[in-house]
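Each remark here refers to the structure printed beneath this line.
The values are calculated or read from the model by the stated rules, or taken from the named source; none is laboratory data. This one's a predicted model, so the numbers in the text were calculated from it and none came from an experiment. Here Cβ is always computed from backbone atoms with ideal geometry, including for glycine, and neighbour counts include all displayed protein chains. Please note that ligands, DNA and RNA were not included when accessible areas were found on the heavy atoms of the full protein model with its side chains. Shrake-Rupley method; radii C 1.70, N 1.55, O 1.52, S 1.80 Å.
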Amino acid sequence: LLFVMLSVSRYSPLGRRWMATAAKNVKQEKPAKTTYDTGKELENRVARMLKKRGHICIKQNQRVKDRNGNWSEFDIVYGWPVKHYVECKNYSQPVKLEMVAKFKEVLRLHRIPKSRGLFVTTSTYTPRATTIGINCIDGAGLERLERTAFTAKMTKYLIVCICGVGSYALYWYCSIGFVL
């Protein structure tokens, strides 16, 4: 009897309407984001911001071997000919000194100057974490960098154009000066 009721209700106009309404009311639950997913989102966000700011050769999850033969993985490596190395942490709590110090030690093992290291988080830092020589960007700083990305890129292009025009003017002036 139940089989007959279900099969008839599916084919009748009233049954089709009920089935369509029931299908709309079933909510598709999205799987909860893991810490791995939120970390990857932050890495992608930082890579997009760097690209918008005009940086080149942006690579994610780069493995590098240190002088002892041990491998390390940097979240983002960007720049040419001088490379910069980025560590991204999507934390809800302030980043502690130990995390930044560990990144500084990895840079030292690879003989990378600490001035070329960049530590990015969506939260904040403990007061001592920002004093050890690594460039630290918190969540507010990241949003500010994203907002000013277009201006920074245009400024870079303008400087390159001015240098090019200046070089050509110097060449032209020197070539005319030797002729006279």
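Values as computed for the structure displayed
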item: Orientation-averaged projected area, Cα convex hull of region 29-71 (nm²); result: 4.8
item: Global form of region 52-132, assessed from the alpha-carbon gyration tensor, a/c cut-off 1.5; result: oblate
item: Largest-first ordering by accessible area, 1.4 Å probe, given options Arg53, Arg67; result: Arg67, Arg53
item: Set Lys59/Lys156; Lys59/Lys114; Lys30/Lys114; Lys40/Lys65 screened for pairs whose C-alpha atoms are more than 30 Å apart; result: Lys30/Lys114
item: Aspartates and glutamates with Cα under 20 Å of Lys102, excluding same-chain neighbours fewer than 8 positions away; result: Glu43, Asp66, Glu73, Asp75, Glu87, Asp138
item: DSSP beta bridge pairing in region 24-180, given as percent antiparallel to the nearest 5; result: 50
item: Unit charges at the beta carbon, dipole of region 35-134: most positive-side option, Thr131, Ser115, Val64; result: Ser115
item: Shape category assigned to region 77-116 from the gyration tensor of Cα positions, a/c cut at 1.5; result: oblate
item: J(HN,Hα) series, region 76-84, from Karplus relation 6.51 cos²θ - 1.76 cosθ + 1.60, nearest Hz, glycine and proline x; result: 9, 10, 9, x, 7, x, 8, 8, 10
item: Only Lys, Arg (+1) and Asp, Glu (-1) charged, at Cβ; region 77-180 dipole about Cα centre in debye; result: 260
item: Whether region 131-171 is rounded, prolate or oblate, judged on the alpha carbon gyration tensor where a/c under 1.5 counts as rounded; result: oblate
item: Amide H partners (placed H, <5 Å) of Val95, local residues excluded; result: Thr124, Tyr125, Thr126
item: Computed accessible area, Ser72, all protein chains, 1.4 angstrom probe, square angstrom; result: 30
item: Cubic angstrom per residue, convex hull over Cα atoms of region 84-180; result: 126
item: Solvent accessible area, Å² - Trp172, 1.4 Å probe, full protein context; result: 140
item: Largest-first ordering by accessible area, 1.4 Å probe, given options His55, His110; result: His55, His110
item: List Met49, Met99, Met154, ordered by accessible area with a 1.4 Å probe, largest first; result: Met154, Met99, Met49
item: Rounded to the nearest 10 Å², the accessible area of Arg116 at probe 1.4 Å; result: 70
